[in-house]
1. Restricting attention to strands (runs of 3 or more DSSP E) lying wholly within the range A:194-233, give those where 2 or more residues are touching a helix residue (DSSP H, G or I) at 6+ places or on another chain (Cβ under 7 Å).
2. I'm checking my understanding of the structure. Among residues of the range B:332-352 that are crowded, with 23+ Cβ neighbours inside 10 Å and either more than 7 Å from every other protein chain (Cβ to nearest Cβ) or at positive phi (or both), which one is farthest from the chain's Cα centre (by Cα)?
3. Cβ-Cβ distance below 6 Å, separation of 6 or more or different chains: which pairs start in the range A:320-331 with a residue that is closer than 11 Å to A:Lys371 by Cα and end on one that is hydrophobic (A, V, I, L, M, F, W, C)?
4. Residues that are in contact with a Pro (Cβ under 8 Å, 6 or more places away or on another chain) and either within 11 Å of another protein chain (Cβ to nearest Cβ) or not in a helix (DSSP H, G or I) (or both): does the range B:288-302 have at least one?
5. For A:Thr530, state whether it is in contact (Cβ under 8 Å) with a residue 12 or more places away in the chain, among the polar types (S, T, N, Q) and either at positive phi or surrounded by fewer than 22 Cβ atoms within 10 Å (Cβ to Cβ) (or both).
6. Does any residue of the range B:276-283 turn out to be surrounded by 21 or more Cβ atoms within 10 Å (Cβ to Cβ) and either more than 7 Å from chain A (Cβ to nearest Cβ) or modelled with pLDDT under 90 (or both)?
7. Return a yes/no flag: does the range B:69-81 have any residue that is part of a loop (DSSP other than H, G, I, E, B), more than 23 Å from the chain's Cα centre (by Cα) and either at pLDDT below 90 or within 14 Å of chain A (Cβ to nearest Cβ) (or both).
8. Quick test of your reading of the structure: A:Ala449 fulfils all but one of (1) touching a helix residue (DSSP H, G or I) at 6+ places or on another chain (Cβ under 8 Å); (2) at pLDDT 90 or above; (3) aliphatic (A, V, I, L, M). Name the failing condition by number.
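The values are calculated or read from the model by the stated rules, or taken from the named source; none is laboratory data. No experiment lies behind these values; they were computed from the predicted model shown. For neighbour counting, all protein chains shown are included, and Cβ atoms are generated from backbone atoms with ideal geometry for every residue, glycine included.
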Amino acid sequence: MKKLLLSSIIVIIGITFLGRLSYLQIFSFSPDQVLEDPAIKRVYDYPERGYIYDRNGKLLVGNDPAYDVMVIPREVRELDTLEFCSLLGIDKAKFKKELHKARVYSPRLPSVFVPQLSKEDYARLQEKMRHYRGFYIQKRSLRYYDTKSAANVLGYISEVNDRDLAKNPYYVQGELTGRTGVEKQYEDILRGRKGVQYIQKDRYNRDIGKYKGGIMDTLPEQGLEINITIDKTLQEYGELLMNGKRGGIVALEPSSGEILAMISGPTYDPSLLVGRERSKNYSKLHYDSISKPLFDRSILAEGSPGSPFKTLNALVALQEGVITPNTTVQCYNGFYVGRKKRGCHCGGGLRKLNDGIYKSCNAYFAATFRKIYDKFETTDDGMDVWEKHMKSFGLGQYLGYDLPTGKKGRIPSKEYYDKWYGDNRWSSSYIISNSIGQGEVAATPIQLANMTAAIANRGHYFTPHILKKVDGKDISIPDFVEPKHTTIDKKHFEPVIQGMADVYEKGTARWLQIPDVKIAGKTGTVENYTKIDSVRVQLTDHSVFVAFAPVEDPKIAIAVYIENGYYGSRYAGHIASLMIEKYIKGEITRKDLEKRMLEKTLEKEYAKPYSGKEFKINEYVW
Amino acid sequence: MSGKSVLKRIDWLSVLFYVLLLTIGWVNIYSSTFSESDSSIFDFSTLHGKQLFFILTSFASIVILLALEANFYERFSSVLYIISMVLLLGLFAFGKTIAGATSWYDLGFFNLQPSELAKVATALALAKYLSDIQTDIKRNKDQLYAFLIILIPAILIIPQPDPGSALVFFSLSFVIFREGLPIYYLGIAFFAILIFVTTLMFGTIWITIGIALILILFFLLKKKKFKVPVIPTTIAVVLTILFSLSVDFVFNNVFEQRHRDRFSLWLRLEKDPAKLEQIRKTIGYNTYQSEKAIESGGFWGKGFLEGTRTKGDFVPEQHTDYIFSTVGEEWGFLGTATVVLLFTFLLLRLVYLSERQKTGFARMYGYGVISILLVHYFINIGMVIGVLPTIGIPLPFFSYGGSGLLFFTALLFIFLKLDANRLKEGI
């Protein structure tokens, strides 16, 4: 018994150890990934972020080097504090404070000691730095904007957050990523790929050589430069015109779908979101809940399209054969919905398609709209056909452009009205407002511009897009190159376009003609309401305008949506006209028109609902 | 007696285990202390170079140990014991302090750790005392003397402080048990440890409930004829509960926080993740790092000189007390299992050898050797793999260190010499 005691103890110990070791090394073993191993440090080599140019090769966004003085507290040795402080341009108290702060953070890890030196300071310090052990200069790259415009298009970059980290394993804490706009959309192209070096370190965090002789290390891949379709001059000019106005402008090249300008007012200088003041500026912009400068109205603001939508109703009616260009409608300075009369500003009389468009006759289009529905046995069938035609212009759905945000807008369907009024408890008179672009239809400025481009192209459009070249080479993305055909035959476009051209010749925009350029356009005046203390209050109409030019060989299609700008030709029409002239001619011949737009603001109009007093709308004052 | 005949009669199996352990140990010391700039393995300015020198010295000493007369060890054991006690005493005056423990004499080229010598000497002295014809281990007085032989060096070593080595001397009580000390002494000690640990883990209340349940079960299952000794049982139960209460009291009021932390680390008492993290960074740092290093080795290991945590010196004292974690990281479960098996085989072989001894002295010395090796091996690996609290004690034949290696070698080979000579005895 006693002889066996010691032997059994030895065996039991052996079994216990083997059990514990197999638990550690076999059952709870997780391959000690390089990523999790505290003994391996990854050192990153960041490539420079790609530049962004406009369609003509003008620089929009570049990089600026910034120099941070870094410190590793435990490596700091005795130094001539006085001289060092004067080199850095700080006082001794600050020196002590920063050093203390760094030491509290970590004695072994680098901290920023003085951020963002100027280039001059850097040049002066560079060669003296090696005398100060524990200090060194780290170069960083900041975004530099060669324009004060296009903040909504370009977007900005900021540090990755926990969500980004969870979503994409590429990033580590502290890295930057595109947050909105082009910077976000083309993050992968602009960013390039960082290089990694694996460094073996000891428990004091000191480097003791390359891990496995560096076989896992990678070199950085340069970020690529891109050209975007924006025309820098046009974009900047449009933003000047938007001075003091809220709304969105989108200009497209109809023959390609390229976005020439995408303006949201009010906007901000993109360089506000770079560098030391970034977060302060950001909160300021973020918390401006009245004018919402961070809200990109050009692609996010859904509103009633107003009268420009009449052109589409005309096209649908022509396609369905319910009218011809010569079909007449009598306008009694308005039209009746049941017993209720709705007004019209065309002056009354017998209207055909042509003057129905250029005089923007509500009665004509109400009748036309009814005819579309009367063709079919049920309103449901009429609704389906109408919805199909409208959606073929890219309305009521995402357009598929290459920007990270967007809105669908709305083309109401029979399901929509069934839900709203109850199954089959509505008829064409319930939805008659859609005939003139009020009611339930809604579109964003880019959708209006796209619709205009489709008309300009006589029946097809190209998906609007922002990317033009990558690394100097033209891109070829099938979705952007293939035309999207509308459901309207080509022949039906001419009479409608003639009507739109006559808007300039003799219609609602006749004083906005551009010498030597033939334009087709359509004004829109959109009634709108807000709630003040939960009372529905009407505000000054939105001013809407769509146009393309030249009529025979369209180079530009534009939609302008100015909130509370009153009737269509007033603000929106002016701006559209100026933008077209700027783009096609390169200069403005009508200086008085330009001066008016640059100077007039709508600030007073926007202040009205917040004044707490009764106010008048649609005041005819320049 | 010639050296040649010793070579014929020596137990080569034990020698094989010894050499294997030494080799594996040195390979891992090399890995732990290796740096890219090292030129040659014979560079004595490096730790692995020095260890190689110690290994060669040990081999040389084996020749001397085997050449000496077998009965020299028995005859001079008392003298050796006294010398080593004097050396231990001398530490109080002339000792050199390394890492907080005054355990060394500075001999210039070499730091001598007399506690290592004392282990050999005590094992010899105990064997000699117990094998003396006049000693009867059933007598209380003789039991006391036997324990004194163990206790004196232990008491001298505790204040160095070196609780690990002190524990080694207590392990020599195995020898006394083997030679007839009633086994219930061991049973009581084991029971006390059990109550100590369970009290810390579950508390006195659960201990009491547990005992009550066992008693009830016992009464239900016992044969009717069996008479329960009421008074001794009651006393035993009361004593147990009192002991359990005193454990609570001692743990909370006498122990210092660092001791409490060690125990709570060992028994996984701390459940709060924040505090656990704190313990891992402070008192539990070594254990945590060494467990992690071993775990990261997996089944196959990372390969020789490929252990990133070893290279990064993440485990402190990795070439001495924590050498086993290098085995774990670089050689994986294959390596650790091999080492555990080698120790198990060596110890079992030594048990077998001891039992076949003709003389009491050789047998008891054999048991002494086993006890000393076993307790080192048990406490060291147990600590490194996190099943025992942190007690600084080297792994025999493995850990870096000159005196350690030399005296472990002496410990083993004196026994092998006695074994080789067993047939000659009594002639």
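1. A:195-201, A:226-228
2. The selected residue is B:Gly332.
3. Matching pairs, first to second residue: A:Glu320/A:Ile372; A:Val322/A:Ile372; A:Ile323/A:Ala317.
4. Within the range B:288-302, one or more residues are in contact with a Pro (Cβ under 8 Å, 6 or more places away or on another chain) and either within 11 Å of another protein chain (Cβ to nearest Cβ) or not in a helix (DSSP H, G or I) (or both).
5. Judged against the criteria, A:Thr530 is a match.
6. no
7. yes
8. Looking at each condition in turn, A:Ala449 falls short on (1).
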